[in-house]
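See structure below.
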Amino acid sequence: MAKILLSKENLFYNLDVISKKAGSKEKVAVVLKDNAYGHGLIEIGKLASEFGVKKAVVRTIDDALKIEKFFDYIIILAEKSFHTYSHTFHIVINSLEDIKNIPENANVHIKVDTGMHRNGILPNQLEKAFLGLLEKKITITGVFTHHKGADELSTNFFWQKAVFSRVKEDVKRICEKLSLPLPALHSCNSAALFRTSDFNEDFARVGIATYGYLDNAGIFNFPKLKPVMSLWANKLSTRELKKGQSVGYGGTFTAKENMIVSTYDIGYGDGFLRLNEKDSYTTPKGYKVLGRVSMDNLSLNTDEEKVCIFDDVTALSKIHDTITYEITTTLNPNIEKEIV
């Protein structure tokens, strides 16, 4: 079967760059949602913990339970049903209605909508949220927001920062009024962290940069990071394709001369999506994907037993007219992973 190789060296390199930018390892929360962006929740969680990162961000409580032993502080972004909870867990409320679903004595981070208009309470609902949570004996451990355009050359990043600055002042005022300790304040994702010259928040939530990518990095002169994942496939069969013969569904590739063609055990059923046949994809060693990608295999002009399909998804993301995140998160979570 196909296999994903995870480079420990590259991951540690990225985490070192990130932690230096944030100021310390303690100011980094590694984002592990959606199976660690396709890289493996347990595998990346264990390695990040080994590096010295103490904070993590996941989507659900079930994911939090799987990595609880690796981290001291886990933020849960989008859970609606709480069958258990831990003092390690910090549950996000995305609306005032969420308050009624939070178990008593839990830790909570309040998400504030500073302009993305997706999740979060409004800035003017902040005191109401504090009071509602205190009434249920819930501990408020964080207040945060999320940027909608930190990786784009626009004014969005700056006006959201300005809105969140006002939110921070309101939090300080409310905490003084209610005699509460100041919760952690955080807003930076990967791109926002690297666009901030004087990072002074409690920590940054770093996702895609952990895995070696910063989309639009060239525009902002971001540091060069190293992709953590490579995808490898095994040969299923080999044949000589005669001049004029085609291969695969629809016969969209026709040999211009006699050539060796092999099929490999990766396809769109594994999350390696069908290619737009107007664009060809070439593997790191220069082999071309011939014709259409099938559900369980694809064809290449080689007879090597094992082939690296990609070690950097930047080119694939351009072919598919998407972002690097989508390529990695689309991979089937059942693909075997090995740390190298």
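Worth pointing out:
- With Cα atoms defining each centre, segment 229-281 and segment 52-74 are spaced 40 Å apart in the structure.
- Whole-percent carbon and sulfur share, accessible surface of the chain, 1.4 Å: 48 percent
- Surface accessible to a 1.4 Å probe, per residue, for the residues of the chain, Å²: 47 Å²
- Förster radius 56 Å - calculated FRET efficiency between D72 and S280 (Cβ-Cβ, nearest 0.05): 0.75
- The chain: relative contact order as a whole-number percent, Cα under 8 Å and 6+ apart: 19 percent
- Across segment 1-34, the residues whose backbone nitrogen lies under 18 Å from the label position 7 Å along the beta-carbon direction of E338 are 1-11.
- Set K55/K285; K46/K161; K25/K128; K21/K168 screened for pairs whose C-alpha atoms are more than 28 Å apart: K55/K285; K46/K161; K25/K128
- Principal-axis tilt of helix 8-22 within the chain, Cα atoms, nearest 10 degrees: 30 degrees
- Here segment 91-115 is scanned for amide nitrogen atoms under 20 Å from the site 7 Å beyond the Cα of A162 along Cα-to-Cβ, giving 112-115.
- Relative to the current alpha-carbon distance between E50 and C308, full extension at 0.36 nm per residue lengthens the span by 90.2 nm.
- On Cα atoms only, tilt of 41-51 relative to the major axis of the chain in degrees: 70 degrees
- Here r is the Cβ-Cβ distance between E169 and D198 and R0 is 25 Å; the resulting FRET efficiency, rounded to 0.05, is 0.90.
- Full extension of the chain segment joining T84 with L134 gains 16.0 nm, where the gain is 0.36 nm per residue of separation less the Cα-Cα distance.
- Angle of helix 126-135 to the longest C-alpha principal axis of the chain, folded into 0 to 90 degrees and rounded to 10: 80°.
- Considering helices alone, the calculated mean residue ellipticity of the chain at 222 nm is -8000 deg cm²/dmol, with DSSP H runs of length four and up weighted by -39500 (n - 2.57) and normalised per residue.
- Distance histogram for the chain (every C-alpha pair counted, 10 angstrom bins, percent rounded to whole numbers): 5, 23, 28, 21, 13, 7, 2, 1, 0
The values are calculated or read from the model by the stated rules, or taken from the named source; none is laboratory data. The structure presented is a predicted model; accordingly, all values stated were derived computationally and were not measured. Please note: Cβ atoms are built from the backbone with ideal geometry, for glycine as well, and neighbour counts cover all protein chains shown. Only protein heavy atoms, including side chains, enter the accessible area calculation; ligands, DNA and RNA are left aside. Shrake-Rupley method; radii C 1.70, N 1.55, O 1.52, S 1.80 Å.
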